[in-house]
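Have a look at the structure below, then the notes.
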Amino acid sequence: MGQEGGGASGRGRCVGRPAGAPKEDGPSGGQFEYLGTVAAGMADSTEVRELVYLVTGGCGFLGEHVVRMLLQREPRLLELRVFDLHLGAWLEELKTGPVQVTAIQGDVTQAHEVAAAVAGAHVVIHTAGLVDVFGRASPETIYEVNVQGTKNVIEACVQTGTRFLVYTSSMEVVGPNIKGHHFYRGNEDTPYEAVHRHPYPCSKAQAERLVLEANGRKVHGGLPLVTCALRPTGIYGEGHQIMRDFYHQGLRLGGRLFRTIPASVEHGRVYVGNVAWMHVLVARELQQRAALMGGQVYFCYDQSPYKSYEDFNMEFLGPCGLRLVETRPLVPYWLLMLLAALNALLQWLLRPLLLYAPLLNPYTLAVANTAFTVNTDKAQRHFGYEPLFSWEDSRTRTIRWVQAMEGSAR
Ligand SMILES: NC(=O)C1=CN([C@@H]2O[C@H](COP(=O)(O)OP(=O)(O)OC[C@H]3O[C@@H](n4cnc5c(N)ncnc54)[C@H](O)[C@@H]3O)[C@@H](O)[C@H]2O)C=CC1
Ligand SMILES: CC(C)[C@@H](O)CC[C@@H](C)[C@H]1CC[C@H]2[C@@H]3[C@H](O)CC4=CC(=O)CC[C@]4(C)[C@H]3CC[C@]12C
């Protein structure tokens, strides 16, 4: 199942369990006070501002939240470098605070551009990537950005002496695998056959492995590089393009969305604000607990309920006027597979003329139809992670965002 391709150059398949972490237990973390909304002004603190952070992909869905969260909750920040292929105009509004915000338009596939951006940074948070499961980019391009781009970031840290690297990996590094094995309330050590074909999970698995293997390498100046990887499940929240696509699809269908996946197929989801918070926290604690956290992977999670992907989306789209038709799929699975395959064929035929990239394709259908939920406290044990936003808060913020979109859609 899934598009042919994957692996280093988009051919064959990448297999084998992703580099996991040695089983280590660490001290339980303390409590973290909450300093107000992410959109609010900068954190005020008496701490000395001396650190330089770089966020690659800082203008993306997750990246923007990481940038805003750092400004809000990292009091030692002197300079925040935001590196992205496409810079957002919103960055300008961030340049009025006590932190120097440096916007850098650059390409992670270009080693010299990455090295120039990394030089002098204390911490790199590497979120830049091609998040494509809809066939928009070629397997080669996905590999070039996600794997070669990550190699460039690692080498830039080594060459310039940056010691701390946090990588935004993904649940997809683990699964769902091509065999459709469910992953039920799993953790970082749960045995699971991580076999992939699709270019996206393959590239994320290779990049994660590179990051974890780089832990301990000597950087310029002779000190060790300290790396770790975060594996968010499906991220939702303000700015989520796929949620936007579902919403507009529902508007086109007269306020209805048609169930394609049984409600019983649960997917873990995580609010973008909590993913951003975990990045800020892990970047801070990695500097203090290198021996414990270096080379580790952490699932990124919160209290968002386990639901099918479509039912979960309706938590936000329902209050905005959409309805999910039927309590069970209208269309038998074999017909869905046929429709997905037809979409893939159409995409291939139309490619010379236009980009046809619907939500339904063989890969998205397979992933949506395979339960994948995590239940772990490793991040809490290792660096005191607790979600910053409750489920209720996350839901309210996301609904407000959809409603604002609704206003613009009328
Ligand atoms: N969206 C999700 O549900 C999940 C995402 N992730 C990971 O989180 C990270 C961010 O994902 P999203 O924010 O959803 O994606 P996004 O597409 O919104 O953001 C990615 C950012 O990277 C930038 N970028 C892409 N190619 C680049 C290049 N060659 N050079 C420099 N910048 C480049 C893009 O311009 C964009 O701003 C990715 O690494 C993704 O694999 C992990 C788990 C779930
Ligand atoms: C058309 C229907 C079959 C519909 O239900 C398809 C939903 C489909 C678009 C999503 C179902 C599961 C999503 C993926 C999952 O959340 C894991 C992910 C992790 C990432 O790192 C990037 C995004 C994604 C691959 C996410 C993409 C959208 C789904 C496949």
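Using a 1.4 Å probe, how large is the accessible area of residue 164, given in Å² and rounded to the nearest 10?
20 Å²
For the chain, give me every cysteine whose Cβ has no other Cys Cβ within less than 4.7 Å, ordered by residue number.
Those would be 59, 157, 228, 300, 320, since no other cysteine Cβ in the chain comes under 4.7 Å of theirs.
Sorted by packing (mean other beta-carbon atoms within 10 Å per residue), highest first, where do 274-286, 113-125 land?
274-286, 113-125
What is the set of long-range amide H partners of residue 103 at a cut-off below 5 Å, with H atoms built 1.01 Å from backbone N?
82
How tilted is helix 272-286 with respect to the longest principal axis of the chain? Cα atoms for both, answer in degrees (0 to 90, nearest 10).
30 degrees
With the Cα gyration tensor of the range 312-410 giving a ≥ b ≥ c as the square roots of its eigenvalues, does the rule (a/c under 1.5 for rounded; else a/b larger than b/c for prolate; else oblate) give rounded, prolate or oblate?
Verdict is prolate for the range 312-410.
For the range 193-238, what is the accessible area per residue in Å², given a 1.4 Å probe and the full set of protein chains?
29 Å²
Against the longest principal axis of the chain, how steep is helix 333-350, in degrees 0 to 90 to the nearest 10, with axes from Cα atoms?
Taking the Cα atoms of the chain, the angle to 333-350 is about 70 degrees.
Take the chain, connect every pair of alpha-carbon atoms lying under 10 Å apart with a spring to form a Gaussian network, then pick out the residue of 295, 216, 149 with the largest mean-square fluctuation.
Judging by the Gaussian network model, the answer is 216.
Per-residue accessible area for residue 188 at 1.4 Å probe radius, Å² rounded to 10?
Residue 188 has an accessible surface of roughly 10 Å² with all protein chains in place.
Counting only other residues whose beta carbon sits under 14 Å from that of residue 145, what net charge do I get with K and R as +1, D and E as -1?
-3
Pop out the carbon and sulfur fraction of the accessible area of the chain as a percent, whole number, probe 1.4 Å.
55 percent
Using only protein heavy atoms and a 1.4 Å probe, report how much of residue 302 is accessible, in Å² to the nearest 10.
My reading of the accessible area for residue 302 is about 20 Å².
Modelling each spin label as a point 7 Å along the Cα-to-Cβ direction, I'd like the residue 333/residue 380 distance in nm, to one decimal.
Here the modelled spin labels are 3.3 nm apart.
If I take all pairs of Cα atoms in the range 204-336, what percentage of them are more than 19 Å from each other?
In whole percent, the share of Cα-Cα pairs in the range 204-336 beyond 19 Å is 62.
Considering only protein heavy atoms, what per residue accessible area in square angstrom results for the range 321-373 with a 1.4 angstrom probe?
58 Å²
Please compute, for the alpha-carbon atoms of the range 51-408, the extent along each of the three principal axes and give them in descending order in Å.
Cα extents, longest axis first: 62, 45, 39 Å.
How big is the dipole moment of the chain about its Cα centre under a simple scheme where the beta carbon of each Lys and Arg is +1, that of each Asp and Glu is -1, and everything else is neutral? Debye, nearest 20, please.
It comes to approximately 720 debye.
The values are calculated or read from the model by the stated rules, or taken from the named source; none is laboratory data. Because the structure is predicted, anything quoted here is derived from the model rather than measured. Note: ideal-geometry Cβ built from the backbone for every residue, glycine included; neighbour counts use all protein chains shown. Each accessible area value is taken on the protein alone, full model and side chains, heavy atoms only, with ligands, DNA and RNA left out. Shrake-Rupley method; radii C 1.70, N 1.55, O 1.52, S 1.80 Å.
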